[in-house]
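Notes follow the structure.
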Amino acid sequence: MQGGKAPDAAWVERTLTDVITSLGGTPGDAMKQLAGGIAAAMSGPNRCFHDLRHLEDVSNSAPSVEVLSILFHDLVQTHVDGDIPRVYRSRLADAVIDGGSGLIWKKPDTHHAREHRLCGQLFDLDRDANGANEAWSALLAFRLLDGHLPRSVQAHVACCIEATIPFRQPSNGDDGLAERLHQRLTAADEEFELGLGEQGCLEAVHASVGVANRDVANFSGGTISFLENTHRLLHESRFSQGQAREPRCGEQRRALDRMEGFLSHLDAGLVFRSFRGVPSDAEMSSLQEAARQNLELGSRCLRAEMLAAAILEALTLRSGGDMAVEQVTGSNERDRLAGSLKAAGLPTHEVDEQFLEILESPPPADRPEPGLIPVATWLLRVLGEEETERLLGRYRSTLESLDCGLLDALPDTIRQTLIEAATLVLPQRREELLALS
């Protein structure tokens, strides 16, 4: 956040006006309403990562056409919001089908609007339906920018939004995705008379790679920042599963399991994009190595949290039923559980200091995740990282079972310390907890 002030509709309006003017367009009196719509879409109750702050971070110091593309690229996130944002439903009614289990892109026919057919061709959704959110966002950009910018700039923006479909497997080498996008854009330029020309198509695809790499720049940044954003995505993912705003231990454990599984299986080579030598091979190699390290450390952190969630889940299930993480940890009371655990003074193991520094980094005031990390770091110290990994590896596939055995597999002193600390936070369950000793 620039200057410490969170971005809002006024920031969107100023940014829109500046970039449209710099691109030779006509902002006009509609900017306030247009900015209000973008701010409303990006401020839905489930938005924690794909929000205005993300737009500001990604667009910082970007060229004007990239900034414009960034403002529109996340307008539709149906897996987060559960629907098209209310403010844009009528705008996209002709491009959406309710598929029963979710919304799907409506393939345009010859009678459909020109921009609908153009987006259908540019995004190639017949081959890969995973880009529907981005296609709807690009279609909105076409319709909302109509009359403010030339068709060539609108197509440039749509091209940039297409490139933000994440983590796709190329089929023709490292830059196969961008090459195919260039082919589709070139064909669309001719068919729809976009006015880009050969040079304009090349510039649009190079800009699209810039936008795509800005959008995932967090993967090559500091690991603490990467982990922070991972928790924001985790927060959004819980809502996509219909989970409560204050998750129970089991819900949080399952969310951590899904996110860790995603990170640990993601190929770092799929994160960043290139097109005809930009970024250079050396730059791509550096970006990919940074992403690989962040993915590895991020996965380790999530596994540590997952074990903590699983142990607390077992404690609560066997003492009367699962509870909200914040209730069990006392994180709304200065982490009472972790404080009691540390005060017990159990012997500790040596743990990778860099790993602990990352895991224990102070969270921002608006961090949405419940306080599992203090318990996770205590477990890491008293169990050691090797035993932590061994326990999770052994019991991970059986954690859905009440009698999975994880709690009983803990060393007696650690299990007893956990139980006694839990009685201080949950005095109403004291008898049930002590019966687990």
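The values are calculated or read from the model by the stated rules, or taken from the named source; none is laboratory data. All values derive from a computational prediction rather than experimental measurement. When we count neighbours, we look across all protein chains shown, and the Cβ atoms used for this are built from the backbone with ideal geometry, even at glycine. The protein model used for the area step is the full one, side chains on, heavy atoms only, and it has no ligands, DNA or RNA in it. Shrake-Rupley method; radii C 1.70, N 1.55, O 1.52, S 1.80 Å.
Quick notes on this one:
- Lone unmet requirement of (1) over 23 Å from Glu236 (Cβ atoms); (2) acidic (Asp, Glu); (3) in contact (Cβ under 8 Å) with a residue 60 or more places away in the chain for Glu134: (1)
- Checking each residue in region 247-256 for being open to solvent by 10 Å² or more (accessible area, probe 1.4 Å) and either modelled with pLDDT of 95 or more or in contact with an Asp or Glu (Cβ under 6 Å, 6 or more places away or on another chain) (or both) picks out only Arg248.
Residues checked against (1) open to solvent by 20 Å² or more (accessible area, probe 1.4 Å); (2) assigned to a helix (DSSP H, G or I):
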position: Leu194; (1), (2): no, no
position: Gly200; (1), (2): no, yes
position: His206; (1), (2): yes, yes
position: Gly210; (1), (2): yes, yes
position: Arg214; (1), (2): yes, yes
position: Asn218; (1), (2): yes, yes
position: Glu236; (1), (2): no, yes
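- Residue under evaluation Pro63, criteria (1) touching a helix residue (DSSP H, G or I) at 6+ places or on another chain (Cβ under 8 Å); (2) open to solvent by less than 30 Å² (accessible area, probe 1.4 Å); (3) not hydroxyl-bearing (Ser, Thr, Tyr), criterion not met: (2)
- For region 162-180, the candidate set comprises residues that are part of a helix (DSSP H, G or I) and in contact (Cβ under 8 Å) with a residue 40 or more places away in the chain; within that set, the residue that is surrounded by the most Cβ atoms within 10 Å (Cβ to Cβ) is Glu162.
- Checking Cys159 against (1) closer than 19 Å to Arg91 by Cα; (2) open to solvent by less than 10 Å² (accessible area, probe 1.4 Å), the condition it does not meet: (1)
- Ser208 within 30 Å of Val157 (Cβ to Cβ), of a type outside the set (Phe, Trp, Tyr), at pLDDT below 95 and under 21 Å from the mean Cα position of the chain (by Cα): no
- Pairs with Cβ under 8 Å, 6+ apart, first in region 423-434 and within 16 Å of Val325 (Cα to Cα), second outside any helix (DSSP H, G or I) and not hydroxyl-bearing (Ser, Thr, Tyr): Val425/Gly330; Leu426/Met323; Arg429/Gly320
- Filtered by the rule that a residue be more than 13 Å from Val328 (Cβ to Cβ), part of a helix (DSSP H, G or I) and open to solvent by less than 30 Å² (accessible area, probe 1.4 Å), region 410-437 gives Ile414, Thr417.
- Region 396-409: number of residues that are crowded, with 18+ Cβ neighbours inside 10 Å and either aliphatic (A, V, I, L, M) or part of a loop (DSSP other than H, G, I, E, B) (or both): 4
- Qualifying residue in region 270-293 (condition: surrounded by 23 or more Cβ atoms within 10 Å (Cβ to Cβ) and in a helix (DSSP H, G or I)): yes
- Residue count for region 11-40 satisfying the condition of being of a type in the set (A, V, I, L, M) and under 20 Å from Arg86 (Cα atoms): 8.
- Any hit, region 61-70, residues being farther than 16 Å from Leu140 by Cα, polar (S, T, N, Q) and touching a Ser or Thr at 6+ places or on another chain (Cβ under 6 Å): yes
- Hits in region 89-147 - residues which are touching a Leu at 6+ places or on another chain (Cβ under 8 Å), farther than 22 Å from Met42 by Cα and in a loop (DSSP other than H, G, I, E, B): Lys107
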